[in-house]
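Here is the structure we will look at, set down as structure tokens.
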Amino acid sequence: MRRCGFHGLSYEYIAGALPNLEPRAAAGRVVVAHLGNGASMCALKGGRSVASTMGLTPVDGLPMGTRCGSLDPGVVLYLMDKLGMDARAVEKLIYQKSGLLGVSGLSSDMRVLLASDAPGARRAVDLFVYRIRRELGSLTAAQDPPLTIWPRPPTMSAVKRASTVGNAERAASLNSCCRSVRTERH
């Protein structure tokens, strides 16, 4: 089996457009994010993908609107052995009833979650932001040599703020942290 990644057309478009927008970044190492109801991130080096948060299926990687994101395989065994779920029930759970919807118990739509004061909505947004930060670290480490994230303080502080401030500020912070990350060559 081979790790394929999804959102390939999105990343192909970005890799093609980046030289006109940010030539220096396009020639170097950059991490880009496809964040919507489906979500993934991709490390590009010289316009070519070197690592992605997705795997064989679109379930792997970041949590999404209804997909769980990376999952310990032991959870699947637990669901089947201890809760008596069959393969189709587990499939429906991890593809259609997890992610932002499953964590929040409210919605798969980030706009609804950001507008809500419900504790579940806050947990879902916090998890999403945490996983973006974690995957950014992983994709940075996958670069050879590792990329330098620029501008470091605004980008990283925006991500951190998104998980610690009120809803209106969180929406603005999440929006600012989800822009493509510019890079510098070493």
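The values are calculated or read from the model by the stated rules, or taken from the named source; none is laboratory data. From a predicted model like this one, the values you see are computed outputs, not experimental measurements. Note that each Cβ is placed from the backbone with ideal geometry, even for glycine, and that neighbours are counted across all protein chains shown. The area values use the complete protein model at the heavy-atom level, side chains included, leaving out ligands, DNA and RNA. Shrake-Rupley method; radii C 1.70, N 1.55, O 1.52, S 1.80 Å.
Structural remarks
- Charge tally for Ser40 (other residues, Cβ to Cβ under 10 Å; Lys, Arg +1; Asp, Glu -1): -2.
- Pairwise label distance in nanometres, Arg24 with Arg123, each label 7 Å out on the Cα-Cβ vector: 4.4 nm
- Taking θ as phi - 60° and the Karplus parameters 6.51, -1.76 and 1.60, the scalar couplings of the range 32-44 work out to 10, 10, 10, 10, x, 5, x, 9, 7, 9, 9, 8, 10 Hz in sequence order, x denoting glycine and proline.
- Expressed as a whole percent, the accessible area of the range 1-142 that falls on carbon and sulfur atoms is 56 (1.4 Å probe).
- Of the two radii for the range 1-70, the radius of gyration is 1.00 times the Kirkwood radius, both from the alpha carbons; that is the Rg over Rh value.
- Kirkwood radius, the range 1-146, all distinct C-alpha pairs, inverse of mean reciprocal distance: 16.3 Å.
- Computed over the alpha carbons of the range 54-94, Rg followed by Dmax gives 10.4, 28 Å.
- Sorting Glu12, Glu135, Glu91 by accessible area puts them as Glu12, Glu91, Glu135; the probe is 1.4 Å, largest comes first, and only protein heavy atoms count.
- Taking only alpha carbon atoms, the range 69-130 gives an Rg to Rh ratio of 1.05, where Rh is the Kirkwood radius.
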